[in-house]
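The structure under discussion appears below in the form of structure tokens.
The values are calculated or read from the model by the stated rules, or taken from the named source; none is laboratory data. The structure presented is a predicted model; accordingly, all values stated were derived computationally and were not measured. Counting neighbours? That spans all protein chains shown, and the Cβs are built from the backbone with ideal geometry, glycine included. Surface accessibility is based on the protein's heavy atoms, side chains included, excluding ligands, DNA and RNA. Shrake-Rupley method; radii C 1.70, N 1.55, O 1.52, S 1.80 Å.
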Amino acid sequence: MTYQTASAEPAISSQRAGSTAFLSLSGPWLLAHAAGAEHLVQTVHLGKPAIVEIDLSQVTELDTAGAWLIHRIRGRCEFKGARVRINGVTERFRTLLDEVEAHHPPPWDARRRRISLLWLVEATGRQMVEVGKDAVAVLHILGTLGVVIANTIVHPRRLRLVSIAHQFDRVGIGAIPIVMLMSFLIGAIITQQGGFYLRQFGADRYSVDLVGVLVLREIGVLLTAIMVAGRSGSAFTAELGSMKMREEIDALHVIGLRVGEVLVLPRIVALMLALPMLSFFADLASLVGGAMVAWSYLGIQPQNFLQYLRAAIDFQTLMIGLVKAPFMALIIGLVACVEGLKVRGSSESLGLHTTLSVVKAIFMVIVTDGLFAMFFAGIGI
């Protein structure tokens, strides 16, 4: 069977012999004939052969558009489970085909499949591969930061203090109102709910202990880190991703600047300085919210609230929460920068990686908090 455009220029002929299919391409496969060639590619139906032989010996002209269409044919056949062999490639076309194959692997065919055990294993394998790639990317960023920090120690003038201060203002100072508002409400809710249930046992005053320990050890820093991941982590990813789309990062490489030094390090340092400060203000706002609810709802006077709070917590309780903040900030910054640098040249890719940045950062923050909780429990504090 032969598929041919009306102008009889590019053409595809196909034959089937048992489990082997033969495709023969002929004519000029150029950008000028892209519309007709695209139609040819869409009309080729080979079923599900085990082997596909593609003959290019009769192709007279080839450019990048034609090589891409040939690459698409090969990708479609391979995703159907066929083994593809390309024959008859002349030397002047081989380099172009190799370049397209190397830089544009066949896209995954996102057809919906019935859920089965094989599908579950395949999906799990794909996710594990992505997790491995993310781990390698994070280690790469960490290694880059290590080199940058070493160079900064040797040459202190390379540290971009103005950039760090600018990022600190955006990440830290600008986030104080929303962080304190959310923490105030959370502290009030914890106190109200704790007092409501403890009142049944005549122990409503222990709601002060509940809000004090829970906020300082866990909720304060965890809630702050989640808000920072959604607010600042997504902003980092969007900024780096848009720079990647506009090829500004490539321009930095061309003029001899390091991306880790110019873009990544100031953001991560500012985040690691800002998150402990935000966590401290979040703790204060939560305790104020708890004190107001305890006064209005439970009848506990502010001076009594402070007295009960002083008996329930100490400086160590505060530090247990604050010591987690720099580690959570480092994780948020690394995930945000890695996802931003993975953006490709489309707005869809930018939106996808921004979403993934927030989801991954929140997940890793919660995992980190759980690991710290087990560590502190193991050492008895």
Legend entry - So A285, is it over 20 Å from P177 (Cα atoms), among the aliphatic types (A, V, I, L, M) and either open to solvent by 40 Å² or more (accessible area, probe 1.4 Å) or modelled with pLDDT of 90 or more (or both): no
Inset, instruction - Mind checking which strands (runs of 3 or more DSSP E) fall wholly inside the range 17-87 and carry at least 3 residues that are under 14 Å from L97 (Cβ atoms) and touching a Gly at 6+ places or on another chain (Cβ under 6 Å)? - result: 51-62
Inset, instruction - Answer yes if at least one residue in the range 79-99 is within 37 Å of the chain's Cα centre (by Cα), acidic (D, E), surrounded by 14 or more Cβ atoms within 10 Å (Cβ to Cβ) and farther than 18 Å from A17 by Cα, and no otherwise. - result: no
Inset, instruction - Look through the range 192-226, keep the residues that are outside any helix (DSSP H, G or I) and not charged (D, E, K, R), and return whichever of them is farthest from A294 (Cα to Cα). - result: G202
Inset, instruction - Answer yes if at least one residue in the range 346-354 is modelled with pLDDT of 90 or more and either buried (at least 16 other Cβ atoms within 10 Å of the Cβ) or more than 22 Å from V179 (Cα to Cα) (or both), and no otherwise. - result: yes
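Out of curiosity, is S296 touching a residue at least 24 places away in the same chain (Cβ under 8 Å), assigned to a helix (DSSP H, G or I) and hydroxyl-bearing (S, T, Y)? It would help to see each step written out before you state the result.
Numbers: touching a residue at least 24 places away in the same chain (Cβ under 8 Å): no; assigned to a helix (DSSP H, G or I): yes; hydroxyl-bearing (S, T, Y): yes.
Judged against the criteria, S296 is not a match.
Name the residue, out of G187, G202, G146, that is under 25 Å from F315 (Cα atoms) and either open to solvent by less than 40 Å² (accessible area, probe 1.4 Å) or modelled with pLDDT under 85 (or both). Can you show your working first?
Working: G202 fails: under 25 Å from F315 (Cα atoms); G146 fails: under 25 Å from F315 (Cα atoms).
Among G187, G202, G146, only G187 is under 25 Å from F315 (Cα atoms) and either open to solvent by less than 40 Å² (accessible area, probe 1.4 Å) or modelled with pLDDT under 85 (or both).
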Legend entry - Qualifying residue in the range 307-330 (condition: aromatic (F, W, Y), touching a Ser or Thr at 6+ places or on another chain (Cβ under 7 Å) and either farther than 24 Å from I189 by Cα or open to solvent by less than 50 Å² (accessible area, probe 1.4 Å) (or both)): yes
Inset, instruction - Determine which member of the set I189, I141 is more than 23 Å from the chain's Cα centre (by Cα), on the phi < 0 side of the Ramachandran plot and assigned to a helix (DSSP H, G or I). - result: I189
Inset, instruction - Select from the range 253-282 the residues that are open to solvent by 20 Å² or more (accessible area, probe 1.4 Å) and more than 21 Å from the chain's Cα centre (by Cα) and list them in ascending order. - result: H253, V254, I255, G256, L257, R258, L273, P276, M277, F280, F281
Legend entry - Qualifying residue in the range 227-241 (condition: open to solvent by 10 Å² or more (accessible area, probe 1.4 Å), assigned to a helix (DSSP H, G or I) and aromatic (F, W, Y)): no
